[in-house]
Every structure is written in structure tokens, then in C-alpha cells.
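The values are calculated or read from the model by the stated rules, or taken from the named source; none is laboratory data. Since we're looking at a predicted model, the values are computed, not measured. Counting neighbours? That spans all protein chains shown, and the Cβs are built from the backbone with ideal geometry, glycine included. Note: accessible area is taken over every heavy atom of the protein model, side chains too, but ligands, DNA and RNA are not part of it. Shrake-Rupley method; radii C 1.70, N 1.55, O 1.52, S 1.80 Å.
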Amino acid sequence: MFVITIGAIVLNFLVKDTIAWERYASTFPYDAKYMVPVSLNKTLADIYAEPHHNFIKPEYVGPNFKVINDKELHFKCESLMYEVIESDKRAKDPCVITDELQKKFTLNGLIGGELQCIPANYSEIQNGAVGNWTWKFNEIEEYDRVIEDCGPAYGNSACIEMCERYGPEFIKDKVGMVLGTQTPWAENGLIHFGAKHIITVEYMKIVSEHPKLSAIHPVELAKKFLTHSLPPVDFIFTYSSLEHDGLGRYGDPINPYADLESIARAHCLLKPNGVLFLGLPVGPDKVESYLHRIYGKHRMALILPLWEPIDLINNYLNLSDPNTYAGNFLNQPIWVLKKKNKHRHSLRK
């Protein structure tokens, strides 16, 4: 495990990322004096420093997990894959939010905000409802260098930092997956840094004409896993995607545990010692209606038991600072997480 000091990471940003940081910080709608780089060690200390970590209960993680103790979760990969198949059948169910369901989304009020149903006239692309995409070779190549900003919308240098720091060890000559995408900017960048092949997992039907890029529907992926016809991969990359899971924004069924289940499925899909590059909004915990979640000390404490944290790239919000703005989804650092092999997937005794 890498040990990263606050001083070292501050120096790294001051020397290498001044221009990128100034551009990134300018997108935040609050006082920049609260925007300073926050290291992995400091963030982990904020997550685990208080007795709040003893709150992990079965109702907070759902029926597909077994709470062993306040720091350990067990799960069965087969159950999580069956959940993908069954949830796809429920994608058109009407949104009904009860008080009990709201408690599950907010961990009985530990997390701020609340879930809301999407408006009837909401125009976002729905989960597999419309459209097919063909990714032509030359179109994929046109996304060259877009990874420097973590896609066309974020202006975040975390993705290129990730590739530069960990490409030689975890990406080059490896087979990886990208979870959730609308344009192949991440795929282009990962191939540029030497990935042998990338498999994109997406509800929209994608036909790729690039020899190093293929695509698969989540239900098809689950079926292949269950029939032992899907080889595990070396790494998985996801950015600004899993925080939407279970909120209904993209036509998926309402599920307070969907993001936790998606991250656990990534664990199932990785080889031993495989790496998850996880880009999520980080800040004080919050559910922002049907839009997304913000991940703070409570939600992250449910994710991290499955992983060994290696790095946290471009985190600028301090979870323990009361001045931190709680609703900003633009702070999306990348967690570099290595699969903990000692956590058995099976719940069998």
C-alpha cells in the first residue's frame, strides 16, 4: 500500500497542476479559500475518526450483503449478478417513494437530502429505452486527449494524473472495463496509455469498430458471468456514473443499495489484486433528489471495506471542515482501490 503524506501531495499539485487546478477550482460556486488539496490519508482519517463508523447495519446495505462486523461485508457474486437481470425487468416500474424507502436512502437521516421522482417531462436518455450507437474507429480517435479533462464536461485533471501515475503498472498491456459511458473519451485515453483491450459496459447498444474496444449490455455481462464465460479483467474504470445508480434518473429501478451493489460487482469482475479506478462526487454525504449522490464519511464507509485504498487523486473537499459546501458534485476525485482478496464473495457457511 502506498503511503502518501499531505505535504507530498500538496507539493505535487503546486508544482504540476497549478494551471489545471485554477481551471478546475473556477468551476466551484463557493469561496476558493476552502479549496485545498486533501490527501488520501486525511480523507481516510475523516471517514474513520469518529464512532459513526459503528453504524453499519444490514438495512443500510441491503439483502445482497452480510454484515460481519462494523468493518467487514461479505457478499455472493451470483446474487449480485442475478439482481442485474431482475432489476432490468423492473426498469419500467412507477416511482413510489415511501418514508421507509427514504430512510434507506438517507441511512435513517445520517445522509442529507432526499430522493425525488424524476419529472414526467425529464429529457435525459433513459436506461436502454432509445438509441443505438456505432463507435467508428476514426470517431473514437477524435477523443484523443479528452481524458486530460475527465471528459468534455468536467475540466478535471484527475484522469490524466491517474493514467500517468498508474498506467505502467495497472493499465499497460492489461484488459480493462469502463462502466457507464455516453462517449468513448475514457476508452480512448486508456488505449492511448497502453491498454490491451477495453470492454465498455453500457445499457445503450454500442457497436464498436475499434479493434481494442468492445461493448456489452449489463444483463448480457451478468449472464456471461453466471455461465462462467466471462474472464475476469485487470482493471475497471468508472467516472461520474455509479453515483446515479438506483435513483431512477436513467430509467433504472429505484434501489437504495444500487451503487453499493455496482461497486461490489466490480469486485467480482476483477482478477485477484485487480484495481478499481472509481470517480465519484466527494463531500459531505447527500442525496441530490434524482440526480446523484455525494459521497462522504457515511457512504464511503460502506464502500471501502472491500478495497485497499492506494490513492485519491484531486480531492479538494475536506470532509471534516464545516465550511465545506455540501452540494457540489463537481468535486469528483478518483479513488484508486485494489481488490481485497481476503473478503470472500460467498455467503455460504
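Structure notes:
- Of the residues making up segment 229-259, not one is of a type in the set (Val, Ile, Thr), at pLDDT below 95 and within 13 Å of the chain's Cα centre (by Cα).
- Out of Leu269, Leu312, one residue alone is in contact (Cβ under 8 Å) with a residue 60 or more places away in the chain, closer than 17 Å to Asn41 by Cβ, in contact with a strand residue (DSSP E or B) (Cβ under 7 Å, 6 or more places away or on another chain) and among the hydrophobic types (A, V, I, L, M, F, W, C). It is Leu312.
- Residue satisfying condition, being in contact with a Gly (Cβ under 6 Å, 6 or more places away or on another chain), free of Cβ contacts under 8 Å to residues at least 40 places away in the same chain and within 30 Å of Asp285 (Cα to Cα), within set Asp70, Asp149: Asp149
- Check on Asn255, touching a residue at least 12 places away in the same chain (Cβ under 8 Å) and not in a strand (DSSP E or B): yes
- Filtered by the rule that a residue be at pLDDT below 90 and either open to solvent by less than 70 Å² (accessible area, probe 1.4 Å) or under 20 Å from the mean Cα position of the chain (by Cα) (or both), segment 90-108 gives Ala91, Cys95.
- Within segment 140-152, the set of residues being closer than 9 Å to Thr183 by Cβ and open to solvent by 50 Å² or more (accessible area, probe 1.4 Å) comprises Tyr143, Pro152.
- Within segment 187-210, residues that are under 24 Å from Asp245 (Cβ atoms) reach partners that are basic (Lys, Arg) and open to solvent by 30 Å² or more (accessible area, probe 1.4 Å) with beta carbons closer than 7 Å, at six or more positions or on different chains, in the pairs Ile198/Lys212.
- Cβ-Cβ contacts under 6 Å between residues 6 or more apart (or on different chains), taken from a first residue in segment 221-245 that is under 28 Å from Ile118 (Cβ atoms) to a second residue that is open to solvent by less than 20 Å² (accessible area, probe 1.4 Å) and in a loop (DSSP other than H, G, I, E, B), are listed as Tyr239/Cys150; Ser240/Gln332; Glu243/Leu280; Glu243/Pro281.
- Residue check, Ser87 open to solvent by less than 80 Å² (accessible area, probe 1.4 Å), of a type in the set (Ser, Thr, Tyr) and modelled with pLDDT of 90 or more: no
- Residue under evaluation Asp252, criteria (1) within 20 Å of Ile47 (Cα to Cα); (2) open to solvent by 10 Å² or more (accessible area, probe 1.4 Å); (3) of a type in the set (D, E, K, R), criterion not met: (1)
- Meets criteria (touching an Asp or Glu at 6+ places or on another chain (Cβ under 9 Å) and either surrounded by fewer than 20 Cβ atoms within 10 Å (Cβ to Cβ) or touching a residue at least 40 places away in the same chain (Cβ under 8 Å) (or both)) for Pro218: yes
- Subset tally (residues that are open to solvent by 10 Å² or more (accessible area, probe 1.4 Å) and at pLDDT 90 or above) for segment 300-339: 4
- Segment 266-299 - residue that is open to solvent by 10 Å² or more (accessible area, probe 1.4 Å) and part of a loop (DSSP other than H, G, I, E, B) and, of those, farthest from Glu243 (Cα to Cα): Pro284
- Put simply, of Gly167, Gly176 the only residue that is more than 27 Å from Phe105 (Cβ to Cβ), at pLDDT 95 or above and touching a helix residue (DSSP H, G or I) at 6+ places or on another chain (Cβ under 8 Å) is Gly176.
- Checking Leu80, Leu107, Leu44 one by one, the residue that is touching a residue at least 24 places away in the same chain (Cβ under 8 Å) and on the phi > 0 side of the Ramachandran plot is Leu107 and no other.
- Residue in segment 164-176 that is within 21 Å of Glu243 (Cβ to Cβ) and in contact with a Ser or Thr (Cβ under 9 Å, 6 or more places away or on another chain) present: no
- Some residue of segment 200-217 being in a loop (DSSP other than H, G, I, E, B), among the hydrophobic types (A, V, I, L, M, F, W, C) and touching a Lys or Arg at 6+ places or on another chain (Cβ under 8 Å): no
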